[in-house]
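Participant: If you scroll down you'll find the structure; I have some questions about it.
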Amino acid sequence: MLGEPQGVIPADSVDEEMESTSDYNSTNMVDRPVQTTATNPDHYAFIIGYNLPDINTRTMHPSPSQIPFYWQTFKENVEPLIKIFHIPSMDKLVREMQRSIRFLSPSKEALMFAMYFAAVISMTPNEVQELLDQDKETLAAKYRLATEKALAKAEFMSSSDLMTLQAFVLFLFCLREREQSRFTWTMTALAVRIAQGIGIHRVRRDTKLPPYETELSLRLWLSVWLLDLRTALDQGTDWLIPEDVPDLALPLNINDFDLDPASVEYPLSRTGMTDMAPTLVKHEIGSLLKKLPRLERESEAIRPSAELDWDEMERIAITYKKNVEEKYLHNCVEDEHFQWLTALNTRLFFAKVPLLFYHPVLSSDARSTLSPAIRDRLLAASIETLECSYAVVTISTSLRWSRLFRTSIHWHAIAIILEELCLRPNKTKIAQRAWKAIELAWDCWGSFPTSQHADELWKSLIKLMRVAKKRRKANQSLYAQERTEAEPSPSDSSMPEIWALANSETQLSWPTDYTAGYLYEDLDEVLIDDTGASPSEVID
């Protein structure tokens, strides 16, 4: 049975950053009972053992006739992005549970509620209203509470049941979409410790476990590894799992139908796009991101105050890119939208790698010391970033994943291009390509509603764009040749202002936007809200 801990190898805290206490007063020191309501439930209760609000989870399931809809929605919207399960086995299990929904074990009930929760948050509010005749926020809150209650009943913190851990990990992935908070980050630490307690971090294909159980354990541990990395980057902290996943601990690059639960032999790992390929690509990207800080620290230790070794970093990034393309992406089909989006997002990530390398320099006074060759590389990387982003947005517009790709703005890439356009001749091929990239960026995000923070960024970028357009019209090679008091040089004030704004609230990290599991987006962007002024309102 899926999720039973048969033969799993037995196992042989994160210090939380103190929050500001400026509003603290003596009344906070008095112990008071936690007040909860139906609209404001105590989500912390299920962690430390308090009784959750008096609810009967048996009554919170959808009708048996609706369960196939939830499961199908999960398979289409969520499962390709969070590859934890073996779908043929789960198809059978869900049908069985549908027939006995009132008599499920705590672990099975936790899994079902986590699946309902994931399906609901992957849908738009209009879809939920039209297809389920309910408000999305109300329904998501209901299934979140039910999942927590079911996990508590399953005693998830002390359980050695894989199904319970599967439900918990799926819940955390989806909860991260709901609230970018320290709560999810802290809960991820629990998932890591629970997984290590069960022993799945030690599972390898050279152990004596059956192939099916081994592959499920490897998929689950890789999901925990990715969740740990994501939430750490969200909070700007170190990850709990320091090491990369070794090859023998990586799931095989296979389709689900390749894996037979009754088989005693492993299926052959495929080359190219499979059901597991998108998750394995995320692992490659995550491994590179983990390697970059180590390279930076090692470089600083060897050559204090020296520039980072661009050639070494570029060589490593090229190696990773080549490996990903050869192993997973070489046979992507344009007609298969999810495959094509995976390939485009991977290309987008590697396009932005130079911005990752030089982000500390670009954000400091040392920007002026960059050599012409490095500035050329950064300009080319920024152009490719905007071109890839436009392609992703264009392809995804009519797809269920479209919101993933329209809620981020590549501030740093736009700023680099505009600065270079102010400083370079405008008749060169690279300048013409750069102007085209700026037009694509404005098509993607120029009319999108922004937060106040993003609006300030737009105003600064628009100021710089006006300068670049004026220089383009005058056909001047350097901005310094024609400076006016009304329009300061980008090297004096505009660019530092843009970089300060872009870095003031969000570190250069990924991912900051997540719906049902995407990993590649938002390397250096600030999320924008659904309210506020539009950039078009400040464009003359």
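The values are calculated or read from the model by the stated rules, or taken from the named source; none is laboratory data. Model, not experiment: these values are computed from the prediction. With ideal geometry, Cβ positions are generated from the backbone for all residues, glycine too; neighbour counts draw on all protein chains shown.
Participant: State whether the residues of segment 356-372 include one that is at pLDDT 80 or above, part of a helix (DSSP H, G or I) and surrounded by fewer than 18 Cβ atoms within 10 Å (Cβ to Cβ).
Facilitator: yes
Participant: Let me spell it out: the conditions are (1) loosely packed, with under 15 Cβ neighbours inside 10 Å; (2) in the same structural domain as I84 (by TED's automatic domain parsing); (3) not charged (D, E, K, R), and F257 meets all of them except one. Which number is the exception?
Facilitator: (2)
Participant: Within segment 74-87, work out how many residues are among the β-branched types (V, I, T), modelled with pLDDT under 95 and in a helix (DSSP H, G or I).
Facilitator: The total comes to 0.
Participant: If I filter segment 160-169 for residues that are surrounded by fewer than 21 Cβ atoms within 10 Å (Cβ to Cβ) and modelled with pLDDT under 95, do I get at least one hit?
Facilitator: Checked segment 160-169: at least one residue is surrounded by fewer than 21 Cβ atoms within 10 Å (Cβ to Cβ) and modelled with pLDDT under 95.
Participant: Right, here's the next one. Out of everything in segment 103-134 that is among the charged types (D, E, K, R) and out of contact with any helix residue (DSSP H, G or I) (no Cβ under 7 Å at 6 or more places or on another chain), what residue ends up being surrounded by the fewest Cβ atoms within 10 Å (Cβ to Cβ)?
Facilitator: Among those that are among the charged types (D, E, K, R) and out of contact with any helix residue (DSSP H, G or I) (no Cβ under 7 Å at 6 or more places or on another chain), it is D133.
Participant: To continue, here is another question. Run down L151, L170, L165 and say which single residue is closer than 17 Å to S122 by Cα and either β-branched (V, I, T) or assigned to a helix (DSSP H, G or I) (or both).
Facilitator: Just a single option satisfies the conditions, and that option is L170.
Participant: Could I ask something else about it? Can you confirm whether L386 is crowded, with 23+ Cβ neighbours inside 10 Å, farther than 30 Å from N77 by Cβ and modelled with pLDDT of 80 or more?
Facilitator: Considered against the rule, which asks whether it is crowded, with 23+ Cβ neighbours inside 10 Å, farther than 30 Å from N77 by Cβ and modelled with pLDDT of 80 or more, L386 comes out as no.
Participant: So for segment 39-57 (the condition being at pLDDT 95 or above, within 30 Å of W221 (Cα to Cα) and assigned to a loop (DSSP other than H, G, I, E, B)), does at least one residue qualify?
Facilitator: No, because not a single residue in segment 39-57 is at pLDDT 95 or above, within 30 Å of W221 (Cα to Cα) and assigned to a loop (DSSP other than H, G, I, E, B).
Participant: Here's a follow-up. L362: closer than 30 Å to N255 by Cα and either under 19 Å from the mean Cα position of the chain (by Cα) or not charged (D, E, K, R) (or both), yes or no?
Facilitator: No; evaluated as a whole, the condition is false for this residue.
Participant: Continuing with this model, one more query. Quick check on segment 189-201. Is at least one of its residues outside any helix (DSSP H, G or I), modelled with pLDDT of 95 or more, of a type outside the set (A, V, I, L, M) and under 24 Å from L289 (Cα atoms)?
Facilitator: No: zero hits.
Participant: Still on this structure: Looking at W225, W239, which one is under 14 Å from L289 (Cβ atoms) and touching an Asp or Glu at 6+ places or on another chain (Cβ under 7 Å)?
Facilitator: Just one listed residue meets the conditions, W239.
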